[in-house]
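A.B. asks: Have a look at this one.
The values are calculated or read from the model by the stated rules, or taken from the named source; none is laboratory data. It should be emphasised that the depicted structure is a prediction, and the values quoted were computed from it without experimental measurement. Note that we place each Cβ from the backbone using ideal geometry, even for glycine, and neighbour counts take in every protein chain shown.
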Amino acid sequence: MQQPSVAIVILNWNGKPFLEKFLPSVKVSAYEPKKIIVADNASTDDSVNFLQKVHPGISIIQNESNLGFAKGYNKALKKVEADYYVLLNSDVEVTPGWIDPVISLMEADKAIAACQPKILAYADKETFEYAGASGGWIDKFGYPFMRGRVFDDCEKDNGQYNDVQPCFWASGAAFFVRSSVYHQLGGLDEFFFAHQEEIDFCWRVQLAGYKVYVQPASVVYHVGGGTLPKGNSRKTFLNFRNNLIMLYKNLPTAAALWKLPIRILLDALSAWRGLLNGDGGFFMAILKAHVHFIGWILFKKNQSVFPLKKDGKPFGWYGGSVVWAYFIKKKKTFSEIITFK
């Protein structure tokens, strides 16, 4: 019986050095039938010319402008036919057998709509990567964390998170998704532009009755921060704004009414802490995020993708505060915060 088809779609914006470095590892991935597509967000760095000359077998979809992560993928994936999509960052080195364990898992359970591999740091391949690790969780106020990374603490990979598990969200750095579910749920929320759109999508996936998983038998290595480096003010703005929008959209109304004010207060405390430490850019980015969130509620809600239904029961939801656990109780690892009995 033929394997399901897989389309590996790499969104690129001025990422020629990453394509040069990492595309060869993607091309030798041991899975068939697969196709590799680069969706280019109007790069100005000769990426397209490089692909045409050096990798003529790679399909190219050219977007007319830099549409961001969410809209860039949505527009490109309307033109791609496959059973599964893999949304793969250009700054990821894959291992030869990275695809099959994930597809086998998803084929064995048709309710799994999205999945990620174990994602380690390219610069230190024994350490979990900040934006990937081994499956994403979220706390009751919407702060994301992962098996292997809590805030800025990335753990060494000693096999402690090698079990296949459901999770709340899968990393957008190497994101496997059933194409049918992707389109059924309206894809990524284009208003987000970039950052946290995969968490929002996975939340909607679970509310619709599907599951999200991590398959650590598949391993990739992520550079991270390739387009907007960590600490960038625009990255901070997008992360804080999009997180508030995500909570507003996906939480039950009664929960949103009390959780959002607390979350905004926690953000404000973080902003003032940054200002007192001399980081005025961080302070202004959070202030701007809050102003834009209010503007979204008043004027832009109709530009977002809301859940189709809300009766699914998400896994990977931590009922406590990861901020309290990390900063006050000094619990620095996922396994200190989440204990399974």
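A.B. asks: Is there a residue in the stretch 66-77 that is in contact (Cβ under 8 Å) with a residue 24 or more places away in the chain and surrounded by fewer than 16 Cβ atoms within 10 Å (Cβ to Cβ)?
C.D. replies: Looking for residues that are in contact (Cβ under 8 Å) with a residue 24 or more places away in the chain and surrounded by fewer than 16 Cβ atoms within 10 Å (Cβ to Cβ), one finds none in the stretch 66-77, hence no.
A.B. asks: Hey, among 163, 157, 124, 152, which residue is free of Cβ contacts under 8 Å to residues at least 60 places away in the same chain and in contact with a Cys (Cβ under 9 Å, 6 or more places away or on another chain)? Before the answer, list the steps.
C.D. replies: Working: 163 fails: in contact with a Cys (Cβ under 9 Å, 6 or more places away or on another chain); 157 fails: in contact with a Cys (Cβ under 9 Å, 6 or more places away or on another chain); 152 fails: in contact with a Cys (Cβ under 9 Å, 6 or more places away or on another chain).
Exactly one residue qualifies, and that residue is 124.
A.B. asks: For the stretch 105-124, enumerate the residues that are surrounded by fewer than 21 Cβ atoms within 10 Å (Cβ to Cβ), touching a strand residue (DSSP E or B) at 6+ places or on another chain (Cβ under 6 Å) and either among the basic types (Lys, Arg) or farther than 23 Å from residue 29 by Cβ (or both).
C.D. replies: 111
A.B. asks: Hey, does the stretch 4-26 have a residue that's within 22 Å of residue 195 (Cβ to Cβ), small (Gly, Ala, Ser) and surrounded by fewer than 19 Cβ atoms within 10 Å (Cβ to Cβ)?
C.D. replies: no
A.B. asks: Right, next: Can you find even one residue in the stretch 136-144 that is over 12 Å from the mean Cα position of the chain (by Cα), within 27 Å of residue 262 (Cα to Cα) and of a type in the set (Lys, Arg)?
C.D. replies: Yes, because at least one residue in the stretch 136-144 is over 12 Å from the mean Cα position of the chain (by Cα), within 27 Å of residue 262 (Cα to Cα) and of a type in the set (Lys, Arg).
A.B. asks: Please go through (1) touching a strand residue (DSSP E or B) at 6+ places or on another chain (Cβ under 6 Å); (2) surrounded by fewer than 21 Cβ atoms within 10 Å (Cβ to Cβ); (3) within 20 Å of residue 206 (Cβ to Cβ) for residue 102 and return the number of the only condition it doesn't satisfy.
C.D. replies: Tallying (1) touching a strand residue (DSSP E or B) at 6+ places or on another chain (Cβ under 6 Å); (2) surrounded by fewer than 21 Cβ atoms within 10 Å (Cβ to Cβ); (3) within 20 Å of residue 206 (Cβ to Cβ), residue 102 fails exactly one: (2).
A.B. asks: Within the stretch 151-184, can you find the residues that are out of contact with any Phe, Trp or Tyr (no Cβ under 7 Å at 6 or more places or on another chain), more than 17 Å from residue 69 (Cα to Cα) and in a loop (DSSP other than H, G, I, E, B)?
C.D. replies: 152, 158, 159, 160, 161, 162, 163
A.B. asks: Of the conditions (1) closer than 14 Å to residue 334 by Cα; (2) surrounded by fewer than 19 Cβ atoms within 10 Å (Cβ to Cβ); (3) among the basic types (Lys, Arg), residue 147 clears all except one; give me its number.
C.D. replies: (2)
A.B. asks: Right, here's the next one. For residue 290, are the conditions met, namely being of a type outside the set (D, E, K, R), under 22 Å from residue 137 (Cβ atoms), touching a Leu at 6+ places or on another chain (Cβ under 9 Å) and crowded, with 16+ Cβ neighbours inside 10 Å?
C.D. replies: No; evaluated as a whole, the condition is false for this residue.
A.B. asks: Return a yes/no flag: does the stretch 306-324 have any residue that is aromatic (Phe, Trp, Tyr), outside any helix (DSSP H, G or I) and in contact with an Asp or Glu (Cβ under 6 Å, 6 or more places away or on another chain). Steps first, answer last, please.
C.D. replies: Of the residues in the stretch 306-324, the ones aromatic (Phe, Trp, Tyr) are 306, 315, 317-318, 324.
With the extra rule that they be outside any helix (DSSP H, G or I), the set shrinks to 306, 315, 317-318.
Filter once more, so that each one left must be in contact with an Asp or Glu (Cβ under 6 Å, 6 or more places away or on another chain): 318.
Yes, the stretch 306-324 contains a residue that is aromatic (Phe, Trp, Tyr), outside any helix (DSSP H, G or I) and in contact with an Asp or Glu (Cβ under 6 Å, 6 or more places away or on another chain).
A.B. asks: Wholly within the stretch 1-114, which helices (runs of 4 or more DSSP H) include no fewer than the required count, namely at least 2 residues that are β-branched (Val, Ile, Thr) and modelled with pLDDT of 95 or more?
C.D. replies: Helices (runs of 4 or more DSSP H) meeting the threshold: 47-54, 100-108.
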